[in-house]
Structures are given as C-alpha cells and as structure tokens.
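The values are calculated or read from the model by the stated rules, or taken from the named source; none is laboratory data. These numbers come from a predicted model, not from an experiment. Every residue, glycine among them, receives a Cβ derived from its backbone with ideal geometry; neighbour counts consider all protein chains shown. Side chains are part of the model used for accessible areas, which takes the heavy atoms of the whole protein and leaves out ligands, DNA and RNA. Shrake-Rupley method; radii C 1.70, N 1.55, O 1.52, S 1.80 Å.
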Amino acid sequence: KYRIPYSEIKKYLQGREETRAVIYARVSSADQREDLERQVNYLTNYATAKGYKVVEVIKDIASGLNTQRKGLLRLFKLVEGRSVDVVLLTYKDRLTRFGFEYLEEFFSTMGVRIEVVFGEEPNTRELVEDLISIITSFAGKIYGMRSHKKTVLVQGVKELMGELSGEDSEVKG
C-alpha cells in the first residue's frame, strides 16, 4: 500500500489539463489569402505538436494598424472571458504593428500567454503600406482629407517608397 499526498495528486491532475489555444492569423490584403492559409496550417500543426486543444481559429484581412479588426475584437472577447490559455501567432506583427508589449501584458493579466512561433518578419511591403497609411492619416488631419496638398504629399511618398524598394512608383495604399 502506498500513501500519496493530495498535493502530489493535484499537481499531476493539473498537468494533465488541456491547454486551450486560439490561432490568430492576419494578412493585410485579400491577394495574400494563400499566406493566411499557410499561417493557419502551420499554427494548427504547431498546436497539435504541443498538445494544445485549438478552440478557435481567427483570421483577419486588414492592416496591422487597424484596431477595429473583427478578428482582433473577437480575440479580445476570448481573452477577457478567459476562454483560452494561449494565443498562437506566426509573427508578432500579425497581432499588431505597434504596441505588442501592451497587448502581451494585458493578456498576461487575464492569464493568457502569447506564443510567437517565429521571430521578426521582414515584410517590407506591409511596412510600406502601413507607413503610407500613417502619412495619409496625418496629412489628412493637417491639410484636410480632400486637400490637394494632402494628395500631393501622399503621392510623393508613394513614389519615393516605390523607388526605395526598387518597385514601380505605384505602391498600394
């Protein structure tokens, strides 16, 4: 006969609980749908390998600067409701372009951790698109959204960014 302390049994049972995971994948434009599916497939395989139970897969097609993404808002609801234990991302910038550490801290206070599978993604196209979005927004606030000065400024930045990246002078924005 063996006597096993209850604390040891409790530790064993807690270690056997399934980790509830949510997969979050994002691309900035519809023509990147293949990349979106690649992210989801990779993260699904990653979750399986780690023994996580995927409770939801969230996909967004929007800029990383957009704070009103449907998927991002859904993710916040899951975190606030303590419905997940871990958020899986391929890269940090899939969740947000700026302020990742704030979201990581917020999720942590809710008992949710973020697992980023890869390091930083050097995606210059998306960075250029985000920069143009920021410039467009600020130029609109300074000169007015319908102003000719704003249009000229934004077009000049698009041309410059196209030259710097070695592409045509036309960059989506």
message: With the structure loaded, tell me whether THR96 is more than 16 Å from ALA21 (Cα to Cα), of a type in the set (S, T, N, Q) and surrounded by 12 or more Cβ atoms within 10 Å (Cβ to Cβ) or whether it fails that test.
response: yes
query: Counting only residues that are β-branched (Val, Ile, Thr) and in a strand (DSSP E or B), which one in the stretch 82-99 is nearest to the chain's Cα centre (by Cα)?
result: VAL87
message: Quick check on GLY111: is it modelled with pLDDT under 95, on the phi > 0 side of the Ramachandran plot and either assigned to a helix (DSSP H, G or I) or out of contact with any His (no Cβ under 9 Å at 6 or more places or on another chain) (or both)?
response: yes
task: Please work out which residue is surrounded by the most Cβ atoms within 10 Å (Cβ to Cβ), limiting yourself to the stretch 20-36 and to residues that are modelled with pLDDT of 95 or more and more than 14 Å from the chain's Cα centre (by Cα).
output: ALA21
message: part of a helix (DSSP H, G or I), more than 30 Å from GLU159 (Cβ to Cβ) and either more than 12 Å from the chain's Cα centre (by Cα) or modelled with pLDDT of 95 or more (or both): is that true of VAL79 in this structure?
response: yes
query: Restricting to the stretch 50-75, what's the tally of residues that are open to solvent by 50 Å² or more (accessible area, probe 1.4 Å), among the hydrophobic types (A, V, I, L, M, F, W, C) and not in a loop (DSSP other than H, G, I, E, B)?
result: 5
Failed criterion for ILE4 (all others in (1) open to solvent by less than 70 Å² (accessible area, probe 1.4 Å); (2) more than 19 Å from GLY119 (Cα to Cα); (3) part of a loop (DSSP other than H, G, I, E, B); (4) not charged (D, E, K, R) hold): (1)
- prompt: Here are some conditions: (1) open to solvent by less than 50 Å² (accessible area, probe 1.4 Å); (2) at pLDDT below 70; (3) among the β-branched types (Val, Ile, Thr). THR136 meets all but one. Which one does it not meet?
  reply: (2)
message: Restricting to the stretch 76-93, count the residues that are among the basic types (Lys, Arg) and surrounded by fewer than 17 Cβ atoms within 10 Å (Cβ to Cβ).
response: 2
message: Condition check: in contact with a helix residue (DSSP H, G or I) (Cβ under 7 Å, 6 or more places away or on another chain) and of a type in the set (Lys, Arg). Does LYS59 satisfy that?
response: yes
- request: Return yes when PHE118 is open to solvent by 50 Å² or more (accessible area, probe 1.4 Å) and either closer than 20 Å to ASN41 by Cβ or not assigned by the TED database to the domain that holds VAL27 (or both) and no when it is not.
  value: yes
